[in-house]
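Engineer: Handing you this structure, nothing more for now.
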Amino acid sequence: MDIGKALGESFNYAVEAVWGKWVRWILLIVCSIIFPLIIGYQMQVFRGIKPAPELANWGKLFIDGIKLLLVTIVYMIPFLLVFGLTVGAAIFTAVTSGTLSPAMLTGLGVGLIISLIILILTALFLYIAEVRVARTNSMGSAFQIGEILAHIGRIGWGSYILSLIVLVLVMLVLGGIVIALSMIPFIGWLIQLFLMVPLMLLSSRYICQLYDSAGTP
């Protein structure tokens, strides 16, 4: 995938989706508060609809959002378990004992490293799984690991990982700008609300293009 081209197209997609379309923009902000709705809309983007679809069929959006949310929760279970049993246990022990021994610090550090590795591996599979759910309308397709591995293989592991790293860096920069703007007195929170929607659209469209770069098997 041409990363620069994909980023540019995703940026234009996000801008065209909301700029001058104030009713849709405000409705998407409302959806982000009732978050299953914004996740359901994200699934519409994952389906490759272009330009960005209108908001319609609210019941389907809500149900789609719940589906994707459940898939994400299931994928996050290994990370949450390891994090809770290592980092969580170390913090709990330190708080209850009132001390932080070298053994606790070691356990905390090891737990953080293992948890981070699991989180990264989870993300590699989860992005493809989410788009598969959107394309197939089947939650079961999110857990067909062999199919997911085959899809990533068609993209190319190096290209896939590099594309995701670029996305993370771009979102960190843009997210940092949004956070900075949110600190403006009185209106900062409103600016943040308005900008979070196009950021979601940008990342979702980028993931959609990354998924499609595998071509047809």
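FYI, it's all coordinate maths here, none of it is from the lab. Just so it is clear, the model here is predicted, and its values are computed rather than measured. We place every Cβ from the backbone using ideal geometry, glycine too, and count neighbours over all the protein chains shown.
Engineer: Given charges of +1 on the Cβ of Lys and Arg and -1 on the Cβ of Asp and Glu, with all other atoms neutral, how large is the dipole of the chain about its Cα centre, in debye to the nearest 20?
Structural biologist: 260
Engineer: May I have the extent of the alpha carbons of the range 23-100 along their three principal axes, as whole Å values ordered from largest to smallest?
Structural biologist: Projected onto its principal axes, the Cα set of the range 23-100 covers 55, 24, 21 Å.
Engineer: Another question about this same structure. Which order do peptides 106-113, 186-193 fall in by mean Cβ count within 10 Å, highest first?
Structural biologist: The most tightly packed comes first, giving 106-113, 186-193.
Engineer: Continuing with this model, one more query. Compute the Kirkwood hydrodynamic radius of the range 95-216, taking the inverse of the mean of 1/r over all pairs of distinct Cα atoms, and give it in Å to one decimal.
Structural biologist: 17.4
Engineer: So, one more: Non-local amide H neighbours of GLY48 (under 5 Å, H modeled in plane, Pro and chain starts lacking H): which ones?
Structural biologist: none
Engineer: At a Cα cut-off below 25 Å, give the lysines reachable from LYS21, other chains included and same-chain residues fewer than 8 away excluded.
Structural biologist: Qualifying lysines at Cα under 25 Å: LYS5, LYS50, LYS60.
Engineer: Here's something else I'd like to know. Using only Cα atoms, tell me the angle between helix 35-46 and the longest principal axis of the chain; keep it within 0 to 90° and round to the nearest 10.
Structural biologist: Compared with the principal axis, the helix lies near 60 degrees.
Engineer: Which semi-axis lengths, in whole Å and largest first, follow from the square roots of five times the eigenvalues of the Cα gyration tensor of the range 3-212?
Structural biologist: 32, 23, 18
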